[in-house]
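Take a look at the structure below.
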Amino acid sequence: MVVLSVVFGLMNGTINEVGNAAMEGAGAALELCLAMGGIMCLWSGVMAVMNRCGFTDALSRLFRPILCRLMPEACRDRETIAAVSANISCNLLGLGNAATPLGIQAARRMAKGSGGIATNELCMLVVLNTASIQLLPTTVAGVRAAYGSASPFEILPAVWLASALSVTAGVLAAKLLSRLIR
């Protein structure tokens, strides 16, 4: 895209405008990164407090019965289901950056002994991680706040509906495909 922009800028005699737009875009990207960095620090701190007071463990315990129905093999390993539960809890709170290492840990544990082939439960983990339900979409709200939204969390009902529908569709598709492809 950069090369095409420069080529068309040279062809149209607007290379100065292309350069100015590139500098403005770089400045805007830096401002957004700094704003998001602050917001991520805030929510990472909130997550640390929630971990220390046991809230995330309580959420994990809440999800275990559901997860054990979706992933019975993973439930046999305490560390695996703990990582899956923590991953779901982090995603629920909109902390995708904190959820990623937990998801990788769970995926590695689930992949052991599968011979390099993704199991149905590993695919379910990917679905749950990707289409996660979010109660607090902190990253999206952070971007909205960085761009001056007066109420960055006004999107909550739409996020709740969209994420619930995406998880439902993903789980149904994963279950259907796991039965069709054996």
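The values are calculated or read from the model by the stated rules, or taken from the named source; none is laboratory data. Just so it is clear, the model here is predicted, and its values are computed rather than measured. So basically every Cβ, Gly included, is an ideal-geometry build from the backbone, and we count neighbours across all protein chains shown. Surface accessibility is based on the protein's heavy atoms, side chains included, excluding ligands, DNA and RNA. Shrake-Rupley method; radii C 1.70, N 1.55, O 1.52, S 1.80 Å.
For the stretch 77-91, a tally of residues being under 22 Å from Ser166 (Cα atoms) and open to solvent by 20 Å² or more (accessible area, probe 1.4 Å) returns 2. Cβ-Cβ contacts under 6 Å between residues 6 or more apart (or on different chains), taken from a first residue in the stretch 145-157 that is among the small types (Gly, Ala, Ser) to a second residue that is assigned to a loop (DSSP other than H, G, I, E, B), are listed as Ala145/Pro152. Is it the case, given these coordinates, that Phe63 is out of contact with any strand residue (DSSP E or B) (no Cβ under 6 Å at 6 or more places or on another chain), under 27 Å from Leu180 (Cβ atoms) and not β-branched (Val, Ile, Thr)? When the stated conditions are applied, Phe63 passes them. Scanning the stretch 20-60 for residues that are hydrophobic (A, V, I, L, M, F, W, C), in contact with a helix residue (DSSP H, G or I) (Cβ under 9 Å, 6 or more places away or on another chain) and over 29 Å from Val84 (Cα atoms) yields Ala21, Ala22, Leu32, Leu34, Ala35.
Scanning the stretch 54-76 for residues that are more than 20 Å from Ala131 (Cα to Cα) and hydrophobic (A, V, I, L, M, F, W, C), we see that the one that is surrounded by the most Cβ atoms within 10 Å (Cβ to Cβ) is Cys75.
May I ask you to verify whether Met110 is touching an Asp or Glu at 6+ places or on another chain (Cβ under 7 Å), modelled with pLDDT of 85 or more and of a type in the set (A, V, I, L, M, F, W, C)? Even if it seems obvious, please write down each step before you answer.
Numbers: touching an Asp or Glu at 6+ places or on another chain (Cβ under 7 Å): yes; modelled with pLDDT of 85 or more: yes; of a type in the set (A, V, I, L, M, F, W, C): yes.
Here the answer is yes, as Met110 does meet what is asked.
For first residues located in the stretch 4-30 and touching a residue at least 12 places away in the same chain (Cβ under 8 Å) and among the aliphatic types (A, V, I, L, M), partners that are surrounded by 11 or more Cβ atoms within 10 Å (Cβ to Cβ) and outside any helix (DSSP H, G or I) and lie 6+ apart or on another chain with Cβ distances below 8 Å do not occur. For the stretch 99-111, state whether one or more residues are on the phi > 0 side of the Ramachandran plot and either buried (at least 17 other Cβ atoms within 10 Å of the Cβ) or not hydroxyl-bearing (Ser, Thr, Tyr) (or both). Within the stretch 99-111 (the criterion being on the phi > 0 side of the Ramachandran plot and either buried (at least 17 other Cβ atoms within 10 Å of the Cβ) or not hydroxyl-bearing (Ser, Thr, Tyr) (or both)), the answer is no, since none of the residues qualifies. Quick check: anything in the stretch 134-147 under 22 Å from Asp57 (Cα atoms) and surrounded by fewer than 17 Cβ atoms within 10 Å (Cβ to Cβ)? Yes: the stretch 134-147 contains one or more residues that are under 22 Å from Asp57 (Cα atoms) and surrounded by fewer than 17 Cβ atoms within 10 Å (Cβ to Cβ).
Candidates Leu180, Leu156, Leu161, Leu165: the one that is surrounded by fewer than 12 Cβ atoms within 10 Å (Cβ to Cβ) and under 19 Å from the mean Cα position of the chain (by Cα) is Leu161.
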